[in-house]
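Structure record follows, encoded as structure tokens.
The values are calculated or read from the model by the stated rules, or taken from the named source; none is laboratory data. Because the structure is predicted, anything quoted here is derived from the model rather than measured. Cβ placement follows ideal geometry from the backbone for every residue including glycine, while neighbour counts extend to all protein chains displayed. Please note that ligands, DNA and RNA were not included when accessible areas were found on the heavy atoms of the full protein model with its side chains. Shrake-Rupley method; radii C 1.70, N 1.55, O 1.52, S 1.80 Å.
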Amino acid sequence: MRKPIIAGNWKMFKTRDDALAFIYAVVNELPSIDLVDSVVCAPFTVLRDLVKRQGENLRIGAQNMHFEEQGAFTGEISPMMLQSLGVSYSVIGHSERRDMFGETDEAIAKKLPAAFNHNITPILCVGEHLNERENGSWQDLIRKQLIIDLQNLSSDLVKKLVIAYEPIWAIGTGKTATPEIADEACGFIRGCIRDLYDQETADAIRIQYGGSVKVANIDALMAQPNIDGALIGGASLVAEDFITLVKAALK
Ligand code: PGA
């Protein structure tokens, strides 16, 4: 019913030569876009090179963007600029941007409609720190993130949005949430969408799990009813692994 979506998040990895080697290795190996959305979210410096070579079955995403189209914002990249490169997705509100670069839910709330205005599908990241998981406040935290982040989006846009549940304690730590924990949180997010919008919107939105996803654990995660895909950091850097991870979504 919901098409799976597997997205790599390269973070600050890969020179231009590395990125070209990756795309030549994967481009003819990915399954049809009719069956699974395959996305690579890469550094700004290689977006154009990747878009030119993305082929039929891969789409390219950015990892962040500003909400304005242009202006005196030194060092920033706008959704209009990304659109002009042929970029199809952008990660928005990744925990590394929230925690290390002071990105706020209020800024994220402006970025989401700005992305849609430029035909860019946002992959909105939400998720809790370890202490919020341990003290039982993770649901309150995620609900609050969603209420603020989505405040400017109609249900029609939310249906096209992708949300990634990324528990911060599982990112880059090798500690994956168990499939049950990940599914419970993705189901909780779907329930919040139903409360904020309606059942139809909740049934349509695609929710990924992210945090130490790798070849060894993707099958168990994808088998869960509320998990529609994965946002993958480290393991997405290796071309053969990325192909295997995308193919796992077909099972
Ligand atoms: P990881 O990163 O797969 O390396 O844990 C996931 C993410 O940050 O999106």
Next on the checklist: Could you tell me how far the Cα centroid of segment 191-220 sits from the Cα centroid of segment 67-117, in Å?
Outcome noted: 22 Å
Checklist entry - How big is the accessible area of LYS111 in square angstrom, nearest 10, if you roll a 1.4 angstrom probe over the protein chains? => result 10 Å²
Next on the checklist: Working only with C-alpha atoms, what are the Rg and Dmax values of the chain, expressed in angstrom?
Outcome noted: 16.7, 48
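Which pairs, out of LYS11/LYS214; LYS11/LYS247; LYS110/LYS144; LYS111/LYS175; LYS52/LYS251; LYS3/LYS159, put more than 18 Å between their alpha-carbon atoms?
On the way: LYS11/LYS214 16 Å; LYS11/LYS247 22 Å; LYS110/LYS144 16 Å; LYS111/LYS175 30 Å; LYS52/LYS251 29 Å; LYS3/LYS159 12 Å.
Beyond 18 Å: LYS11/LYS247; LYS111/LYS175; LYS52/LYS251.
Given Cα pairs under 8 Å that are at least 6 residues apart, what percent is the relative contact order of segment 192-251?
Taking the mean separation of contacting Cα pairs over the length of segment 192-251, I get 32 percent.
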Item to check | Solvent-accessible area, 1.4 Å probe, carbon plus sulfur percent, for the chain | outcome: 51 percent
Item to check | Under 5 Å, built H, 5+ apart or other chain: amide partners of ALA164 | outcome: LEU124, CYS125, VAL126, GLN208
Checklist entry - Among the DSSP beta bridges whose two residues both lie in segment 84-235, what percent are antiparallel, rounded to the nearest 5? => result 0 percent
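Rounded to the nearest 20 debye, what is the charge dipole size of segment 51-121 about its Cα centre when +1 sits on each Lys and Arg Cβ and -1 on each Asp and Glu Cβ?
Values: 7 positive and 9 negative charges, 66 e Å.
Magnitude of the dipole: close to 320 debye.
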Checklist entry - How would you classify segment 115-251 from its alpha-carbon gyration tensor, with a ≥ b ≥ c the square roots of the eigenvalues: rounded for a/c under 1.5, else prolate if a/b is greater than b/c, otherwise oblate? => result oblate
Checklist outcome for this item: For PHE101, the accessible surface traced by a 1.4 Å probe with all protein chains present amounts, in square angstrom to the nearest 10, to 130 Å²
Checklist outcome for this item: Whole-percent tail of the Cα-Cα distance distribution for segment 90-173, cut at 17 Å, equals 44 percent
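At a 1.4 Å probe radius, which order do LEU141, LEU82 fall into by accessible area, largest first?
Numbers: LEU141 40, LEU82 0 Å².
Sorted descending by solvent-accessible area, the residues read LEU141, LEU82.
Keeping all protein chains in place, calculate the accessible area per residue for the chain (probe 1.4 angstrom), answer in Å². It would help to have the intermediate numbers written out before the result.
Numbers: 10890 Å² over 251 residues.
Counting only protein heavy atoms, the per-residue value for the chain is 43 Å².
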Item to check | Simple spin-label estimate for ARG48 and ASP99 in nanometres, 7 Å along Cα-Cβ | outcome: 3.4 nm
Checklist entry - Which percent of Cα pairs goes in each bin when the distances of segment 1-101 are cut into 5 angstrom slices starting at zero? => result 2, 12, 22, 23, 19, 12, 6, 2, 0
Item to check | Mean separation of Cα contacts under 8 Å (6+ apart) over length of the chain, as relative contact order % | outcome: 22 percent
Checklist entry - Once the whole set of protein chains is in place, how much accessible area is left on THR173, using a 1.4 Å probe, in Å² to the nearest 10? => result 80 Å²
